[in-house]
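Q: Handing you a structure now.
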Amino acid sequence: MASQAAVKEHIKTAISKAALQYTKPEGKVFEYGTAGFRMKADLLNTVIFAVGLLAGLRSKKLSGQWIGVMITASHNPAEDNGVKLVDPMGEMLEGAWEVYATKLANAPLESIAEVYEQLAKEIEVDMGNPARVVFARDTRASGSRLVGVLNAALTATEVEFIDFKYMTTPQLHYIVRCKNTLGTQYEYGEPSEQGYYEKLATSFKKVMRGVKVQGSLTVDCANGVGGPKLRELIKVLDAAGGLDIKVVNDDVINPDALNFNCGADYVKTKQRAPPSSKAGVLDRCASLDGDADRLVYYFVDETNTFRLLDGDRIATLAASFIGYLAQKAGISQKLNIGVIQTAYANGASSDYIKNVLKLPTEYTRTGVKHLHHAALRYDVGVYFEANGHGTVTFSENAMKIIRNTEPQSPAQKQALESLLALTELINQAVGDALSDMLLVEVILAHKGWSPKEWLGTYTDLPSTLDRVVVKDRSIFKTSDDDTILTSPAGLQGEIDTFMLMFNKGRSFARASGTEDVVRVYAEAATRGEAINLSKAVTGLVGIAGKADAQH
Ligand code: 16G
Ligand code: MG
């Protein structure tokens, strides 16, 4: 393999020449984490260059399949930016390659061509293979400069590429999957933005047959790329029977407006509606994040209290509806449906899934890719993080059963058709706020529910989320599902003792993957108990981390 992994001299020269246009920020160590690379946009040139090189290698390694590069910093402030790679089926980059990304991003510019060649050899990439890359970006001002850098890396390495300009993150994931399945039995859709809208609108219309959405939905678009894209979707939806959507916070002209006092992250972490919200009592509202891969719903109840319907609520709603349709379709015995959550899921939601929906539920480590992989082990894997990231996956077996079951009654036929349409409506490549929003609207319409009935399915346990600044967060190591601290030694035992002191007390601490802090989650039967449990655990973490706990 070694000879095929040799990089042609003229390409090495082109890489070196292109790289020297940029300057590496001094003393900065980069790491490809759960959200790819993310930081202040002015530090990103050389990182994007490295990602461009790696995207080409990844495509060559996978025999020329299309790889995606998304330039976005999601819910971060406007001055940040970031980049993530998308694998051929529209999934997150394979774990082992995160290490290669980190390696290339930290390579000195003078020797980056050599590091690139070494890597090609190490991974045994056949350099004779074609390389194909699609990319897109969100609406951040720094995006056009970073696209220029990406372009330079792809051009130097003679990669074929398509620039999809502005897109939501899930739209790019969709394009990647479409591109790689085109002409196969797994064809996912038309690889274009229009194809994306049409797929959603057509399946939406099918599932909505015979039911009607009550009232309107106000969607806060975080002043990000989701705004203009939602407007495009509405145009196509209108032709398909429509949905009364009011688009708010869709200012993509003022660069500072992005994620400022609005968006899914604001609503979830502050537990309140954006200050600009004019929604009335019981009005259905939703918020997207800056790249439209997170969704939360909310409303104001009759006592003027803000009520959040987060990722846990979307998971339970989706699981209950799919379970109901499977039963109506007479296939529930054949389909194994599971719900994947993280330890941040409210305990009441997990109890509801187990005891009322009677479905298996499990926790994975935080981060979409962990949930996604666990979901693939079920015929129907419903996965959501509490923060609103998530989707539903359907296995090949599930698709076969849904497609091939002979209906014995009109009701069964309709249930099977609705299930099939749901598999098209749901973006199975990755959590997608626009697709998830249509899913929620469909389900509420079928159930005839206002957000109040949705909220009424169970009562959340009061919970808290705190951050503790420690000297070195890497000493805080957890079990596979984040619930148990395996290091520092003895700390978990102390946390357990406190948990037992509170009714329904549950708490865990884990090092953040995106910030230099340890996060502490606590829940209990009453708000007071949750707060006291959190105080106890943040205190313990603070002592173990030899720093003061900060709220
Ligand atoms: C990233 C993850 C998100 C996770 C969050 C946790 C993806 C696309 N995003 O944003 O799923 O909830 O990190 O952040 O995987 P933390 O490690 O700082 O708590
Ligand atoms: Mg996001």
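Each row is one residue, and each column tells you yes or no for (1) out of contact with any helix residue (DSSP H, G or I) (no Cβ under 6 Å at 6 or more places or on another chain); (2) farther than 30 Å from Thr269 by Cβ; (3) surrounded by 22 or more Cβ atoms within 10 Å (Cβ to Cβ).
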| position | (1), (2), (3) |
| --- | --- |
| Gly367 | yes, no, no |
| Ala386 | no, no, yes |
| Asn397 | yes, yes, no |
| Lys400 | yes, yes, no |
| Leu444 | yes, no, yes |
| Ser450 | yes, no, no |
| Gly456 | yes, no, no |
| Thr464 | no, no, no |
| Arg467 | yes, no, no |
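Q: Six or more apart or on different chains, Cβ atoms under 6 Å: show the pairs whose first residue is in the range 383-412 and β-branched (Val, Ile, Thr) and whose second is assigned to a strand (DSSP E or B).
A: Val392/Val382; Thr393/Gly381
Q: Enumerate the helices (runs of 4 or more DSSP H) found wholly within the range 125-231, keeping only those where 3 or more residues are of a type outside the set (Val, Ile, Thr) and closer than 30 Å to Arg403 by Cα. Even if it seems obvious, please write down each step before you answer.
A: On the way: elements: 143-156, 169-181, 193-207.
The qualifying helices (runs of 4 or more DSSP H) are 169-181, 193-207.
Q: Quick one: in the range 502-535, which of the residues that are touching a residue at least 40 places away in the same chain (Cβ under 8 Å), small (Gly, Ala, Ser) and crowded, with 21+ Cβ neighbours inside 10 Å is nearest to ligand 1 (Cβ to nearest atom)?
A: Ala509
Q: Only residues in the range 25-42 that are in contact (Cβ under 8 Å) with a residue 12 or more places away in the chain and more than 14 Å from ligand 2 (Cβ to nearest atom) count as the first member; pair them with residues that are in a loop (DSSP other than H, G, I, E, B) and of a type in the set (Lys, Arg), Cβ under 7 angstrom, at least 6 apart or cross-chain, and list the lot.
A: Filtered contacts from the range 25-42: Ala41/Arg140.
Q: Taking the range 287-308 as the search range and keeping residues that are surrounded by fewer than 24 Cβ atoms within 10 Å (Cβ to Cβ) and aliphatic (A, V, I, L, M), which one is farthest from ligand 2 (Cβ to nearest atom)? Spell out the reasoning first.
A: Restricting attention to the range 287-308, the residues satisfying the condition of being surrounded by fewer than 24 Cβ atoms within 10 Å (Cβ to Cβ) are 300-308.
Narrowing further to those that are aliphatic (A, V, I, L, M): 300, 308.
On the way: Val300: 25, Leu308: 18 Å.
Among those that are surrounded by fewer than 24 Cβ atoms within 10 Å (Cβ to Cβ) and aliphatic (A, V, I, L, M), it is Val300.
Q: Would you check if Val149 is aliphatic (A, V, I, L, M), in contact with a strand residue (DSSP E or B) (Cβ under 6 Å, 6 or more places away or on another chain) and within 17 Å of Ile71 (Cβ to Cβ)? Can you show your working first?
A: On the way: aliphatic (A, V, I, L, M): yes; in contact with a strand residue (DSSP E or B) (Cβ under 6 Å, 6 or more places away or on another chain): no; within 17 Å of Ile71 (Cβ to Cβ): yes.
Judged against the criteria, Val149 is not a match.
Q: Report whether or not Leu438 is assigned to a helix (DSSP H, G or I), over 30 Å from Val300 (Cβ atoms), of a type outside the set (Gly, Ala, Ser) and touching a residue at least 60 places away in the same chain (Cβ under 8 Å).
A: Numbers: assigned to a helix (DSSP H, G or I): yes; over 30 Å from Val300 (Cβ atoms): no; of a type outside the set (Gly, Ala, Ser): yes; touching a residue at least 60 places away in the same chain (Cβ under 8 Å): yes.
No, not satisfied.
Read the figures in this text as sums done on the coordinates, not as results from a lab. Remember, it's a predicted structure, so these values are computed and weren't measured experimentally. Note: ideal-geometry Cβ built from the backbone for every residue, glycine included; neighbour counts use all protein chains shown.
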